[in-house]
Structure formats: C-alpha cells, structure tokens
Amino acid sequence: MTTRQRVLVVFCLALFPIIWVGADFLLAQYQALVTVKSSGPTLRWYKGNTHTHTLWSDGNDFPESVVRYYKDNGYNFLALTDHNVLSRGERWMAVSEVVNRRKTLGHPTMEKYRALFGSDWVETRKAEKDGAEEVRLKGLEEFRGMFEKKGEFLLIEGEEVTDYYKDGEHRHEVHINAVNLGEKISPQNGGSVQEVIANNLRMIREQEERLKRPILVHLNHPNFQWSIKPSEIANVIDQRFFEVYNGHPYINHLGREASEGVEAVPGDEQIWDIVNTIRIKDLKVPPLLGVATDDAHHYHGGESSPGRGWVMVHAKKLAAPDLIGAMRDGRFYASSGVTLALVHDDSDSLRVDIEPQEGATYVTEFFGTRKDSDPSKTGELLASYEDTQVIYYFSGDELFVRARVTSSLNHPNPSFEGQKQQAWTQPVGWKVHLPAPPETLAEKEPAAVTN
Ligand SMILES: [Zn+2]
Ligand SMILES: [Zn+2]
C-alpha cells in the first residue's frame, strides 16, 4: 500500500460514520422525493380486478360480456382468472348449459350476448352426436383488441390455480391466483396445506423466471371451507399477496365465533395481522400485502356478482410489468368502495387522505402489533380518527401499522350482513425490524475504501 493509498483509507475510515449518517439522511431525502413524485403527474391510480370467472370455468357469462361490465364500470385493468384454465384454444359449450347457469330473471344470457356484440360475432353449431345447439367460447386473443385502449384499459391473462389438500373428510381448498401468465399452471398437489401452497408457488416462480415476465400471485379466501390457517400462509416465505377482502358471499370473510364443538376462526383481516406478525417478528421476512377482489361468477344478479372489491394501483403506466412492480413495492390499496387520494408513509408516520363521497363520514382505524405485546394483542387497534385527512405517528415499538377506512355508507351490493364501504392500506413501518438487504449495505460502503 502506498502512502497515498494509506492516507486515503484512513481518511475514508474516519469519514465512515459521517457517510453512514449521511446515507440515512440521503435515504430520507430520497423517500421525500418519491412522495412528491408519487403524488405528482408521473404516477396515476389504476383501478383493477385480479379475480374474475367466466363460462370458461364456473362463471355464468361470456368472457366478452364480463369484460364489457368492467370496462363500463371504470376499471382500468382486469384479469380473467378461471379455475385451472386459460381462455385459449377451441372450446364449444352446449347452449342449454349456458342457460342453466343463470339463476335469476332478466334478459337471457344468449340474448344479452347477441345484443352486446351482434349476431355475426356469436358462433353456434349443432352438435354432431345429438344435434343440440352449441356456442363457441372465444379466446382472450380474439377479443382483447375490442376492449384494450392504451392508458385506459388493459386485459391481463390469468388463472385461479385451484388445488386442495384432503385431511380425512376435510377438503382444504387451496386457491392461488396467478396473473400475467404465459402458460397454464396445473395444480401441483402436496402432502399438507402448506406444501400445496409452496409447490404451486414454485411452479409459478419457475415460469416467471423461464419466460422472464413478472407474475402476480395471491392466495385466495383462506376461510372458504375453513381451509387455511394463518401459520400455513405465513411460513411460505415466497408468498407476498393475500386477499384481505373477496366479494364472494361464501368465503367467511368475518371468520366465526366459537360454539359447541366448533373452534373460533379469525376473519380475513385478523388472519392478515397474525400472518404478518409471525413473518416480521419470527421469520424476519416482509409482510403479506392485501388485495381486494370480487371473485365474480354471476353476472345476472345475485350471489357472487362483480364490482364488490378491487385494487387501486399507483403506477407509471398501464402495463402488466408496471402494475405488478408497483404492487410489489406496496404502492396500492384494497377497496370495497372508499377512494383514497393519498397514502404516504415515511420513517415516523402513515398518512391517509380520503376522497370524500357526498353524504359520507369516515372512520380511519390504525391497526398493528407491538414488538413485545402478548399474542392476544396481535393486530390491536392503535388509534382511530374521524376526518378525511389523518396521520398516525409511530411510537417506535410497532412491528407494522396499517390503516382501514370505513365509510358511513352501506356497501351497495353487500357480500355480508351490515357491510359498509371500506379501504385497506398496506402494512408499513416494518422495514426497520428486518435485516437490511445485502445490496443496501453494498450501497452504503464508501467507494474509496474498495478502490
Ligand atoms: Zn377460489
Ligand atoms: Zn375464484
């Protein structure tokens, strides 16, 4: 080492604590910059649904009619996610089956289909074996062009990978949505609920890497058939998204109370907090982020109808990689009716601005788990405010904090009794409890020392 090099190293080492503090300061400045940018014109809010069914599996309307609904109702993106199938290939269906699937009165499905798209668009034939009338289900690539518009509406290919684990008589349903697929994923099975989740996730990640396309993966409705426990979700470390609200009326969103011979099961929100407490506190991995979806199956009224829940994503442009990237960064919220104008977190607070609807008042509740709290206080209510601009200052011992906004207005099409319109922000404030990722350390290394 030359004298000059030695002097440089000593100088840099002496400077190291200052650089370290400086890096934190710069990080704070960067975060402030991101905030200014995120509320500026470069990012836009996009409304989307990532869980939708059609006649391609057990939905009761044609995919084009379904897409028409979302486009006409202010959505910017939609993933059609039928059970274990992509909307591809030649597929004919008996018209009688289409008719049988509708359960309510109104214009018959075929009539509605013809009225929306014209008789020339609708393809029917007589089945060879019995002469019964059949209709062809169109593939995504055939109708995509009819709806998509740059910056306004996007269709993303998806699938609800529908798997299960049978434990004696109890069939545990394990449903995972994969959005932005390039190929179909077949259910992978496994020797436990956790293994079924992990095996399917591994196949999706394999496709993601092989085809070099980001794929959004969310675990669906854990309480459907009382299928999945919080620990089984938490321990699959690679899982990052979860349905905090699903509009299907049979998914037991609120959980259940204990009764004779039946144990209590937490609702979706409590599951979310339990899972995130395990992940941050014990496993030292990032929390799950929450999506809302409608899981629509029925488009002629009743049951699992569209429009009950969605996500709002703050992204640079309306393209699958941008939307998925923004969601992975936590730049989105889940909603069943409430619109937020701003969600901003920094090192000491979480701020939420609500876009008020006429005649509505709002309650914003901040939930979180404190570092050393007893398990009964997992996801406790930390504060509650009635205003349209609210801010929660961290006390410093929260593992995470999230906000839930509840409107005084009833949900126009409730999936459970007494449902109000709500919005859910992502959990924040957890990064300080996790070991710093290696690249952050590398960035903080003073460059001159390594030269
Ligand atoms: Zn499902
Ligand atoms: Zn579904």
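Scaled to the compact-protein estimate 2.2 N^0.38 Å, what is the alpha-carbon radius of gyration of the chain, rounded to two decimal places?
1.09
What FRET efficiency comes out for the pair L283/E355, r = Cβ-Cβ distance, R0 = 25 Å, nearest 0.05?
Plugging the Cβ-Cβ distance into 1/(1 + (r/R0)^6) gives 0.10.
Subtracting the Cα-Cα distance from 0.36 nm times the residue separation, let me have the gained length for S186 to E123 in nm, one decimal.
Details: separation 63, 0.36 × 63 = 22.68 nm, distance 2.90 nm.
Gain on stretching S186 to E123: 19.8 nm.
May I ask for the net charge around P249, where only other residues with Cβ less than 12 Å from the Cβ of P249 are counted and Lys, Arg are +1 while Asp, Glu are -1?
After counting each charged neighbour, the total is -3.
Which angle between 0 and 90 degrees, to the nearest 10, do you get for helix 3-38 versus the longest principal axis of the chain when only C-alpha atoms count?
40 degrees
Hey, how many Å between the Cα centroid of segment 243-283 and the Cα centroid of segment 121-170?
Cα centroid to Cα centroid, the span is 31 Å.
Given an 8 Å cut-off on Cα distances and at least 6 residues of separation, report the relative contact order of segment 210-353 as a percent. Write down the numbers at each step before the final one.
Working: 242 pairs, mean separation 29.9, N = 144.
For segment 210-353, the relative contact order is 21 percent.
With a sphere of radius 9 Å drawn around the Cβ of H83, what net charge do the other residues whose Cβ falls strictly inside it have (Lys, Arg +1; Asp, Glu -1)?
Around H83, the charge tally is -4.
Per residue of the chain, what 222 nm ellipticity follows from adding -39500 (n - 2.57) for every DSSP H run with n ≥ 4, rounded to the nearest 500?
That comes out to -8500 deg cm²/dmol.
Please report, in cubic angstrom per residue, the volume enclosed by the convex hull of the alpha-carbon atoms of segment 245-383. Don't skip to the end; give the middle numbers.
Details: hull volume 26.0 nm³, N = 139.
Taking the convex hull of the Cα positions in segment 245-383, it is 187 Å³ per residue.
Give the relative contact order (percent, whole number) for the chain; include only Cα pairs under 8 Å separated by 6+ residues.
After rounding, I find 14 percent.
What is the mean projected area of the alpha carbon convex hull for segment 90-137, to one decimal in square nanometres?
Averaging across all directions leaves 3.7 nm² for the Cα convex hull.
Rounded to whole Å and ordered largest first, report the semi-axes of the equivalent ellipsoid of segment 200-314 derived from its Cα gyration tensor (root of 5λ).
Semi-axes from the Cα gyration tensor: 24, 22, 12 Å.
Would you work out the relative contact order for segment 90-137, in percent, from Cα pairs under 8 angstrom that are 6 or more residues apart?
50 percent
Measure off 7 Å from each Cα along the Cα-to-Cβ vector at A94 and Y393, then give the distance between these two points in nanometres to one decimal.
Reported label-point gap for A94 and Y393 is 6.9 nm.
Spin-label point model (7 Å from Cα, Cβ direction): what's the E142 to I237 distance in nm?
4.6 nm
Can you list the GluC sites (Glu not before Pro) in segment 242-343 that are in a DSSP coil and have 11 or fewer other beta carbons within 10 angstrom?
Qualifying residues, ordered by number: E257, E260, E263.
With a point put 7 Å past each Cα toward its Cβ, work out how far K371 is from K149 in nm, to one decimal.
With each label point 7 Å from Cα toward Cβ, the separation is 5.2 nm.
On a 0 to 90° scale, report how tilted helix 193-211 is relative to the longest principal axis of the chain, with both axes built from alpha carbons and the result rounded to the nearest 10.
Helix 193-211 sits at roughly 80 degrees to that axis.
When a/c reaches 1.5 or more, the comparison of a/b and b/c decides; with that in mind, is segment 139-246 rounded, prolate or oblate per its Cα gyration tensor?
Prolate, since a/c reaches 1.5 and a/b exceeds b/c.
Want the number for D72 to M203: 0.36 nm per residue separation, take away the alpha-carbon distance, what's left?
43.7 nm is the gain from fully extending D72 to M203.
Compute for segment 181-222: radius of gyration divided by Kirkwood radius, i.e. Rg/Rh, restricted to C-alpha atoms, rounded to two decimals.
Radius of gyration over Kirkwood radius for segment 181-222 works out to 0.98.
Just the ratio, please: alpha-carbon radius of gyration of segment 308-423 over 2.2 N^0.38 Å, N its number of residues.
It is 1.14.
Using Stokes-Einstein with the Kirkwood hydrodynamic radius over Cα pairs, what translational diffusion coefficient do you get for segment 100-163 at 20 °C and a viscosity of 1.002 mPa s, in µm²/s rounded to a whole number?
144 µm²/s
Bear in mind these aren't lab numbers, they're just calculated from the coordinates by the rules spelled out. Remember, predicted model here, so these are calculated numbers, not experimental data. Backbone-built Cβ (ideal geometry, glycine too); neighbour counts: all protein chains shown.
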